[in-house]
Amino acid sequence: MLTVYLVEDDPLLARHVLGAFQRASDVRCVGHAARLSQARDELPLFRPDVLLTDLGLPDGDAIDLIREFGCTDVAWRPNILVFSVFGDEVRVLEAIESGADGYFLKGCSDPELLDAVRGAARGESPISPGIARQVLRRLGAAPAHAAAGGARLSPAEQAVLRLVAQGYVTEEVGERLMMTAHTVATHVRAVYGKLQPARTEVLAGSVS
Amino acid sequence: MIAAGHRTAAPASWLQRWLRRLLLLAWAAACLGVAPAHALSIELREAWLREAARPDAPEARVSLPDPWEHTAPSRAGSASYRLQVPDAVAATARPAVFLRRVGNVFRVHLNGHLVREVGREQHPLPNYNQEPVYVALPPSLLRPAGNELVIEVTGEPRREAGLSSVWVGDADALEPMYRRAHDVQVRGAWMIAAASATMGVLGLLVAWRTRQSVYGWFGLANLIWAWRAGALQVNDGRWWAWLLQWAFEFSYSLFIAAIGLFLLEMARRATSGARRFFAGYVWVSLALSLTHAAFNVPVMRTVSLGLTLAVAVGMTLFLASIAWRQRDRGAALLAASVGLCAAVGARDWIVLRLMHDYGAYTWARYVIVVLMVVMAWRLVEDYGRTLRELRDANRHLREAVEAKQRELEQAFEAQRAIERRQAATAERDRILREMHDGLGGRLVGAIALARQLQQHEAPARALVGELRQALDDCLVELRLSLDSMDTEPRCLSEALAELRFRVEPSLRAAGIRLVWNLRDDAADAMLPPTDTQQVLRIMREALTNVIKHAQASVVWLELARREHGLELTVLDNGLVQRAAERPRTAPLPGGKRGLANMRHRAEAIGAHIEIGPHPEGWVVRLTLPAGRCR
């Protein structure tokens, strides 16, 4: 059973999402917080597989929360999906750099939401054209920045991002680059990892 | 030879006579008839000469003034001039003798009695030959008639021994003459020496402080001149007297060279060639004066002075030509003053060196005054120009400060504009955030609610479905608006990608599959931001039409680069394919307005749009001219 924790201050939306989870057989929502403080307290207790969180909350910015649970604790770490109204690429990128694994758009249908959560639990990272464009700009065209973080995009990652930025969805990207959708998702995940200098350091430290 | 009153001495040129008269007139005005007209003064202009070196030779009759240096064969030793005193002198109350010039060591005897002795017979001899001499004759020694005056002169080579004409007569007449001569020859010399020394020191000080060599040359020339004017009165004939004499002769050339360089600097012509010329002149003069000093050839001094005169005349002509060619007032003044100096020098040279007028005095020493005036003029000019430059510099400085101030104000304004822009950007970001968190959130919530309602109440389901569709549209519209506020440049493919990301959920909800095909050659095409926005609106309209009216299952979107520009095609397999004969827009009033909008937008960006049936369905083809994209 997949466990999810929801951080959302809008009661209408929260109700809708919780409803969708209830109807799903393989997903269970273990907790819901409208405030950061509550989420901070409950998350270590519930240890959900996926953290679905809004960015702007009444008592602060969820990016802090992402930073706390996305990078520091190597032993337990939820898959974090940023749950935003629409493509606010700069903020979403900030969230990814802080440790989020993906970005999910509000206002989609229930099946899409559940698919996204399942994908996140499998380690897939949803990506939008806008995010791909920003990442290409940040890592592809700035060797100095990349060198500082020790991360450079591989040619395959660049090709994936370029197609995503042109509007192709995961399956189409796979077709065009002769790879499976899973491989595409793995590349995107790797790219996200390269955006997270702090996490890269932690992982590198744990390996050595 | 007896004459009453003052008479001109030598058969001089008309110029000399004229100048002398002018000078006398000035003196007469100055002295206001000091000399009584009736007083007796007689100029003796001949004498009998006997040389001590040749006691056996008969007395020679010579006319005065007698430049012994030039007339005596040996030019050393002693010679006696015997003169007859007219009887009238014996009858005067205070008989006297006035010698304008005699030298170097001499004794005056009256009727065999020594009445005056100047200097001693020793080597080297003192140099007394530049001062006038006045001797009162003791009446007791005078006989009523046939008085005889013997002037014994001891001379040395190069010391210019000789005797001027001799005046005898009444003291009333001779004393003023003596005073006048003393003023001109002795006091004037000291005054000139003092003035030159002052100007010399001043010039060197100014040169030192201003680092301008023009003042240095002037100072040097003045110091040399001061020494020359003073050296005339050097009566101390010790062992270095010969050295002084030689230095005196040679210093003239140094003075001329210094003055020449001073004048050239004044005229801004002090080239290295000019310096070499004056150096050469000094070397030639040195050679001449050394030859004269070593071998006693007076003509060498004459040649040397003639050379100096030639240089002065040359300078005059050179400066005059500059003044003439450049219409330069300063050069003209310089030429005039140097010309005056050269004329005076020429006069001295002719009278003293060519005519051997032993009684004449040099005038040249006074011409330094002319040069002092030139210098003073130069200093005043410099001072005035410096003041003017200072004033100009001040004005420029003030203007520069004002300009800088204006620049600063502009920079400040620019800074404020940037700050305003930044404030506007911050405000835009705030609005964006509010739209994200406020309106967007509410819309999302409303859609979610509609979805829930759609699932429950059967009668209202269709209505709620329509509401949800409308809300979806609002949301997509809002997202497109937000995208349009993005200030970063995007290429067309990226903008279309955003559109797909926004519209895809609606397409999927309507059961339509979107086949996405952006050709590689068109992937990086760029459009102006406003054009991109219009293209997105057209595409959005086309896709909305597909969702609402086409009843299609697949829609193809293709971006490609063609010969005449970019081509963007939206093709669906909708109603038209299934009912090809029916015009698609006819039963759909809303679609009609939509099509008009699309055409209007395409026109606005100069694009060609084609909307209509296609063998596979319905096509909207937008062609962007190559000129507007890159």
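The values are calculated or read from the model by the stated rules, or taken from the named source; none is laboratory data. Keep in mind it's a predicted model, so treat the numbers as computed, not measured. Because the Cβ atoms are built from the backbone with ideal geometry, glycine has one as well, and the counts that use them run over all protein chains shown. Areas reflect the complete protein model, heavy atoms only, side chains present, ligands, DNA and RNA absent. Shrake-Rupley method; radii C 1.70, N 1.55, O 1.52, S 1.80 Å.
Want the number for B:Ala52 to B:Ser272: 0.36 nm per residue separation, take away the alpha-carbon distance, what's left? Please report the intermediate quantities before stating the final value.
On the way: separation 220, 0.36 × 220 = 79.20 nm, distance 5.40 nm.
Using 0.36 nm per residue and subtracting the Cα-Cα distance, I get 73.8 nm.
With a 1.4 Å probe and all protein chains left in place, how much accessible area per residue does the range A:1-113 have, in Å²? Mind dumping the intermediate values first?
Numbers: 4070 Å² over 113 residues.
So the range A:1-113 comes to 36 Å² accessible per residue, rounded to a whole number.
Hey, if you drop one equal point scatterer on each alpha-carbon of the range B:71-217 and run the Debye formula without solvent, what base-10 log of I(q)/I(0) do you get at q = 0.13, 0.16 Å⁻¹?
So the normalised log intensities are -0.67, -0.88.
Using each residue's phi in the range B:140-151, evaluate 6.51 cos²θ - 1.76 cosθ + 1.60 at θ = phi - 60° and report the 3J(HN,Hα) Karplus result to the nearest Hz, with x for Gly and Pro.
After applying 6.51 cos²θ - 1.76 cosθ + 1.60, I find 5, 7, 7, 9, x, 8, x, 6, 10, 10, 10, 10 Hz.
For B:Ala91, what charge total do you get from the other residues with a beta carbon under 14 Å from its beta carbon, if Lys and Arg give +1 and Asp and Glu give -1?
On the way: positive: B:Arg94, B:Arg143; negative: B:Asp87, B:Asp170, B:Asp172.
After counting each charged neighbour, the total is -1.
So, in nm, how far is label B:Arg420 from label A:Asp61 when the simple model puts each one 7 Å beyond its Cα toward the Cβ?
Spacing of the two 7 Å Cα→Cβ label points: 2.9 nm.
Enter the Cα centre distance for the pair the range B:80-145 and the range B:511-525, rounded to the nearest angstrom.
Here the two parts' Cα centres lie 136 Å apart.
Long-range amide H contacts for B:Gly574: which residues qualify at under 5 Å (H placed 1.01 Å from N, peptide plane, sequence gap of 5 or more or a different chain)?
B:Trp618
Quick one: pull the percent of accessible area on the range B:309-351 belonging to carbon and sulfur, 1.4 Å probe, ligands and nucleic acids left out.
On the way: 1520 of 2070 Å².
Of all accessible area on the range B:309-351, carbon and sulfur atoms account for 73 percent.
How large a share of the accessible area of the range B:517-568, in percent, is made up of carbon and sulfur atoms when the probe is 1.4 Å and the other protein chains stay in place?
Values: 1020 of 2100 Å².
Taking all protein chains in place, the range B:517-568 shows 48 percent carbon and sulfur surface.
Apply the Karplus curve 6.51 cos²θ - 1.76 cosθ + 1.60, θ = phi - 60°, to the phi angles in the range B:210-223 and return the couplings in whole Hz, x for Gly and Pro.
Computed from phi, the couplings for the range B:210-223 are 9, 6, 10, 5, 4, 5, x, 4, 5, x, 4, 4, 5, 5 Hz.
To the nearest 0.05, how large is the calculated FRET efficiency for A:Arg122 and A:Arg15 if R₀ is 35 Å and r is the Cβ-Cβ distance? Write out the running numbers ahead of the final one.
Details: r = 27 Å, r/R0 = 0.76.
FRET efficiency, A:Arg122 to A:Arg15: 0.85.
Keeping all protein chains in position, work out how much accessible area B:Trp217 exposes to a 1.4 Å probe, and write it in Å² to the nearest 10.
The value for B:Trp217 is about 60 Å².
With every protein chain left in place and a probe of 1.4 Å, what is the accessible surface of B:Asp429, to the nearest 10 Å²?
70
For the range B:307-322, take each phi angle, set θ = phi - 60°, evaluate the Karplus expression 6.51 cos²θ - 1.76 cosθ + 1.60, and give the result in whole Hz per residue in order, putting x for glycine and proline.
With coefficients 6.51, -1.76 and 1.60, one gets 4, 4, 4, 4, 4, 4, 5, x, 4, 4, 5, 4, 5, 5, 5, 4 Hz.
Heavy atoms only, probe 1.4 Å: what % of the accessible area of the range B:397-468 goes to carbon and sulfur, would you let me know?
Details: 3100 of 5260 Å².
Carbon plus sulfur share of accessible area: 59 percent.
Provide, for q = 0.09, 0.10 Å⁻¹, the log10 of I(q)/I(0) from a solvent-free Debye sum over equal Cα point scatterers in chain B.
-0.85, -0.96
If you count only protein heavy atoms with a 1.4 Å probe, what accessible area per residue comes out for chain B, rounded to a whole Å²? If you can, show how the numbers build up before the last one.
On the way: 31540 Å² over 630 residues.
Each residue of chain B exposes 50 Å² on average to a 1.4 Å probe.
Evaluate the range B:296-442: find the radius of gyration of its Cα atoms, find its Kirkwood radius, and give the ratio Rg to Rh.
Values: Rg = 38.4 Å, Rh = 22.5 Å.
Using only Cα positions, Rg/Rh for the range B:296-442 is 1.71.
Name the residues of the range A:9-39 whose accessible area, probed at 1.4 Å, falls by at least 10 Å² once all protein chains are in place instead of their chain on its own?
Residues losing area: A:Asp10, A:Leu12, A:Leu13, A:Arg15, A:His16, A:Arg23.
Give the span of the range A:86-126's Cα atoms along each principal axis, as three whole-Å numbers ordered largest to smallest.
Sorted largest first, the three principal extents are 27, 22, 9 Å.
About the Cα centre of the protein assembly as shown, how large is the charge dipole given +1 on each Lys and Arg Cβ and -1 on each Asp and Glu Cβ? Please answer in debye to the nearest 20. Could the numbers behind the result be given before it?
Numbers: 98 positive and 90 negative charges, 721 e Å.
Around 3460 debye, computed over the protein assembly as shown.
To the nearest 0.05, what FRET efficiency results for B:Leu19 and B:Val401 with a Förster distance of 41 Å applied to their C-beta separation?
So, using R0 = 41 Å, E works out to roughly 0.10.
Can you pull out the buried accessible area for chains B and A, both sides counted, probe 1.4 Å, rounded to the nearest 100 Å²?
Values: alone 33000 and 9980 Å², together 39980 Å².
Counting both chains, the buried surface is close to 3000 Å².
For B:Arg211 paired with B:Arg430, estimate the spin-label separation in nm (one decimal), with each label point 7 Å from Cα along the Cα-to-Cβ line.
The modelled label-to-label distance comes out at 6.2 nm.
Taking every eigenvalue of the Cα gyration tensor of the protein assembly as shown, multiplying by 5 and rooting it, what semi-axes result, largest first, whole Å?
On the way: eigenvalues 3421, 168, 108 Å².
Over the Cα atoms of the protein assembly as shown, the semi-axes work out to 131, 29, 23 Å.
Give the average over all directions of the projected area of the C-alpha convex hull of the range B:377-505, one decimal, in nm². Mind dumping the intermediate values first?
On the way: hull surface 52.4 nm².
Result: 13.1 nm².
Could you calculate the FRET efficiency of B:Leu340 with B:Thr386 from 1/(1 + (r/R0)^6), where r is the beta carbon distance between them and R0 is 45 Å, rounded to 0.05? Present the calculation step by step, with values, prior to reporting the outcome.
Working: r = 28 Å, r/R0 = 0.63.
The computed FRET efficiency comes out at 0.95.
I'd like the orientation of helix B:492-509 relative to chain B: the angle between its Cα long axis and the longest Cα principal axis, in ° from 0 to 90, rounded to 10.
20
Output the residues of the range A:107-128 meeting this criterion: accessible area (heavy atoms, 1.4 Å probe) in the chain alone minus accessible area with all protein chains in place is 50 Å² or greater.
A:Gly107, A:Glu112
Pull up all non-local amide H partners of B:Tyr358: gap of 5 or more, or a different chain, and H-to-H distance under 5 Å with H placed in the peptide plane.
B:Asp66
With heavy atoms of protein chains only and a 1.4 Å probe, what residues of the range B:495-541 have at least 30 Å² less accessible area in the full set of chains than alone?
Correct list: B:Ala497, B:Glu498, B:Arg500, B:Phe501, B:Arg502, B:Pro505, B:Arg508, B:Trp516, B:Leu518.
Leaving out ligands, DNA and RNA but keeping every protein chain, what accessible area does B:Ser78 have, in Å² rounded to the nearest 10, with a 1.4 Å probe?
Around 20 Å² of this residue is reachable by solvent.
Arrange the peptides B:418-427, B:352-361, B:496-505, B:108-117 so that the one whose residues have, on average, the most other Cβ atoms within 10 Å appears first. Please list the in-between numbers first.
Working: B:418-427: 10.1, B:352-361: 20.1, B:496-505: 21.9, B:108-117: 15.3.
Highest to lowest by the protection proxy: B:496-505, B:352-361, B:108-117, B:418-427.
Suppose each label sits 7 Å from its Cα in the direction of the beta carbon; what would the A:Gln22-A:Arg176 distance come out to in nanometres?
4.2
Name the long-range amide H neighbours of A:Ala33: under 5 Å, sequence gap of 5 or more, or other chain; modelled H, no Pro or chain starts.
A:Leu6, A:Val7, A:Glu8
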